[in-house]
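A short write-up of the structure that comes next.
Values quoted throughout were computed directly from the atomic coordinates according to the rules given, and no laboratory measurement underlies them. Since the model is a prediction, treat every value here as computed from it, not as a measurement. As a convention, Cβ positions derive from the backbone with ideal geometry for all residues, glycine included, and neighbour counts pool all protein chains shown.
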Ligand code: TYD
């Protein structure tokens, strides 16, 4: 298993007119929520991700459609399929992730603990492995 990463079941408020899933920082997810972004209009067959973060914590949710997240801690890889809006994948720092197999119309919602800083990214896999071996 991938150290510290886990699928979190979120609450679902259901009635005959549909569902609502509220998410509170530090309550429903184990970090403060500073930023929200979403990926959409991903062309068929396209992959995204391909990086790790040094400090950023994220919850990744399939708000619509489905996709797979390949997590890699430098030793083990694990593929998590997300396809329900009331489940989120908690991804901790120093985990390499690839986002693959997007269904058409998929919306990948990210709740993130910090603002965007390019300096927080590790974008070279070889650098990622070097850092993991030093930790
Ligand atoms: P990136 O995180 O590499 O995308 P993905 O992991 O989905 O493939 O970001 C792609 C580009 O978008 C990159 O140039 C940085 C920019 N970006 C922002 O400016 N702000 C943001 O909050 C995010 C997530 C990305």
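Stretching the chain fully between residue 40 and residue 114 yields a gain of 24.6 nm (0.36 nm per residue, less the alpha carbon separation).
When Rg and the Kirkwood radius Rh are both evaluated on Cα atoms of the chain, their ratio Rg/Rh stands at 0.97. Give me the distance between the Cα centres of the stretch 83-135 and the stretch 19-39, rounded to whole Å. Rounded to whole Å, the Cα centres lie 16 Å apart.
Rounded to the nearest 10 degrees, the inclination of helix 125-134 to the longest alpha-carbon principal axis of the chain is 70 degrees. Once you have a ≥ b ≥ c as the square roots of the Cα gyration tensor eigenvalues for the stretch 1-50, tell me rounded if a/c is under 1.5, and otherwise prolate or oblate according to whether a/b is larger than b/c. Oblate is the answer for the stretch 1-50, as a/c is 1.5 or above yet b/c matches or exceeds a/b. To the nearest 0.05, what FRET efficiency results for residue 13 and residue 83 with a Förster distance of 22 Å applied to their C-beta separation? E between residue 13 and residue 83, to the nearest 0.05, is 0.65. Stretching the chain fully between residue 3 and residue 51 yields a gain of 15.6 nm (0.36 nm per residue, less the alpha carbon separation).
Label zone (residue 98, point 7 Å along Cα-to-C-beta; backbone nitrogen cut-off 17 Å) within the stretch 29-71: 43-53, 67-71.
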